[in-house]
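Bear in mind these aren't lab numbers, they're just calculated from the coordinates by the rules spelled out. Quantities reported herein were computed from a predicted structural model and do not represent experimental measurements. Note that we place each Cβ from the backbone using ideal geometry, even for glycine, and neighbour counts take in every protein chain shown.
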Amino acid sequence: MTLAKWLVFQSLGDERGSLVALEHGKSVPFDIRRIYYIYHTEKGVSRGFHAHKELQQVAICISGRCTIVLDDGYNKEEVLMDSPTKGLLIDSLLWREMHDFSDDCILLVLASAHYQESDYIRNYEDFINEVKRG
Ligand code: T46
């Protein structure tokens, strides 16, 4: 079973360049309640190292590249993020790590809920216990 679920967005490009439009209720499988972006990540820095209890997200690399490791407690999968027309659906209860950010990487994230620290599982053992609980 593959952990990486991709959404493919249509590029509305013409001779002037490219444009992707994401519309509420059409482009992603949840209501978007929050948008944030990660940029200017320092060389050699990795981010993430947590899972979410409920939150669903879609990550889109709108500039540059990075890798994301997904882990469901049983299997790990590494994916390359390098396309502004591909969204990685990151479901709840998936441990995620982001590595190898290029200098120009901008990772845009659409989230199903407002920021809530209590939704984070930041300890890997706690994550495994939560997975086992089902
Ligand atoms: C995720 C990965 C892909 C806020 O105050 N509001 C926000 O909406 C977010 C996302 C973060 N913050 C604060 C919390 C921390 O003090 O910003 C700081 C950095 O957040 P964090 O260390 O959680 O960042 P990452 O890059 O490790 O993880 C982020 C998201 O937090 C997380 O939900 O799935 O990107």
Open item on the list: Looking at the stretch 115-125, can you tell me whether even one residue there is assigned to a strand (DSSP E or B) and either in contact with a helix residue (DSSP H, G or I) (Cβ under 9 Å, 6 or more places away or on another chain) or of a type in the set (A, V, I, L, M, F, W, C) (or both)?
Closed with: yes
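Does LEU3 satisfy the criteria of being over 30 Å from ASN129 (Cβ atoms), in contact (Cβ under 8 Å) with a residue 24 or more places away in the chain, in a loop (DSSP other than H, G, I, E, B) and among the hydrophobic types (A, V, I, L, M, F, W, C)? Can you show your working first?
Working: over 30 Å from ASN129 (Cβ atoms): no; in contact (Cβ under 8 Å) with a residue 24 or more places away in the chain: yes; in a loop (DSSP other than H, G, I, E, B): yes; among the hydrophobic types (A, V, I, L, M, F, W, C): yes.
Taking the combined requirement at face value, the residue does not satisfy it.
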TODO: Can you run down the residue pairs with Cβ atoms below 6 Å, 6 or more apart or on separate chains, where the first is in the stretch 98-123 and free of Cβ contacts under 8 Å to residues at least 12 places away in the same chain and the partner is near the ligand (Cβ under 10 Å from one of its atoms) and not in a strand (DSSP E or B)?
DONE: none
TODO: Please note which strands (runs of 3 or more DSSP E) are completely contained in the stretch 32-89 and include at least 1 residues that are under 21 Å from TYR120 (Cα atoms) and within 12 Å of the ligand (Cβ to nearest atom).
DONE: 34-39, 47-52, 57-63, 66-71
